[in-house]
Amino acid sequence: MTYRRWIRIALGYLAFVSLEVGIWAQFAPRSFYDDFPGLGRAWVRVDGPFNEHLVRDVGGLNLALAAVLIAAIITLSRPVIIAASVASLLSGIPHLVYHIINNDGLDSGDVAASLGGLALFAIVPIVLIVISPRVSAPTDQ
């Protein structure tokens with residue numbers, strides 16, 4: 001499998017997560033607050049009272065991040081890959097640090113799942129930045 005394909009898969013993962021959070025938070029903020037991540041779990045509501053404005057802002061910003069990630073998937077341009085990866089890091093690392101420090105209200109399984117997903121969202125962009133110089137010419141698809 002080529003680096004181009006691996007990069008598209010990694011960018012696709014980041015875009016999927018951003019789209020999922022973005023669409024849910026933007027268009028069903030109360031449900032996002034009460035029910036995220038789904039499957040009977042609730043990670044957002046344990047962290048304070050509902051604030052529709054804040055939840056919709058999270059949704060909109062995740063949709064914006066997804067747009068940049070999708071542009072990187074389509075173009076596979078090294079500068080766009082790096083920009084999308086840096087944007088993901090600027091969002092992902094503070095989010096991870098916050099949840100490392102503030103995990104009250106979640107049981108140990110939810111803490112592990114939450115931190116695992118957040119860590120992946122911080123690690124994948126770093127890997128993308130490191131391997132992006134290996135993206136070959138556009139004819140190698």
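Protein-only accessible surface at a 1.4 angstrom probe places the residues Val80, Val21 in the order Val80, Val21, largest first. Each helix, a run of at least 4 DSSP H residues, gives -39500 (n - 2.57); summed and divided by the residues of the chain, these come to -25500 deg cm²/dmol at 222 nm. What does the C-alpha gyration tensor say about the overall shape of the chain? Classify as rounded when a/c is under 1.5, otherwise prolate if a/b is larger than b/c, or oblate. It comes out prolate by the Cα gyration axes. Centre-to-centre separation between the Cα atoms of the stretch 27-95 and those of the stretch 106-126: 14 Å. Shown in residue order for the stretch 26-35 are the 3J(HN,Hα) couplings computed by the Karplus curve 6.51 cos²θ - 1.76 cosθ + 1.60 at θ = phi - 60°: 6, 9, 9, x, 5, 5, 4, 4, 6, 10 Hz (x for Gly and Pro). Largest first, the residues Arg4, Arg56, Arg45 sort by 1.4 Å accessible area into Arg45, Arg56, Arg4. Ranking His53, His99 from most to least accessible surface, computed with a 1.4 Å probe over the protein chains only, gives His53, His99. Measuring r between the beta carbons of Ser77 and Arg45 and using R0 = 41 Å, the FRET efficiency lands at 0.55.
The values are calculated or read from the model by the stated rules, or taken from the named source; none is laboratory data. Keep in mind that what you see is a predicted model, and the values were worked out from it rather than measured. Cβ coordinates were reconstructed from backbone atoms using ideal geometry, including for glycine residues, and neighbour counts include every protein chain displayed. Keep in mind that these areas ignore ligands, DNA and RNA; they rest on the heavy atoms of the full protein, side chains included. Shrake-Rupley method; radii C 1.70, N 1.55, O 1.52, S 1.80 Å.
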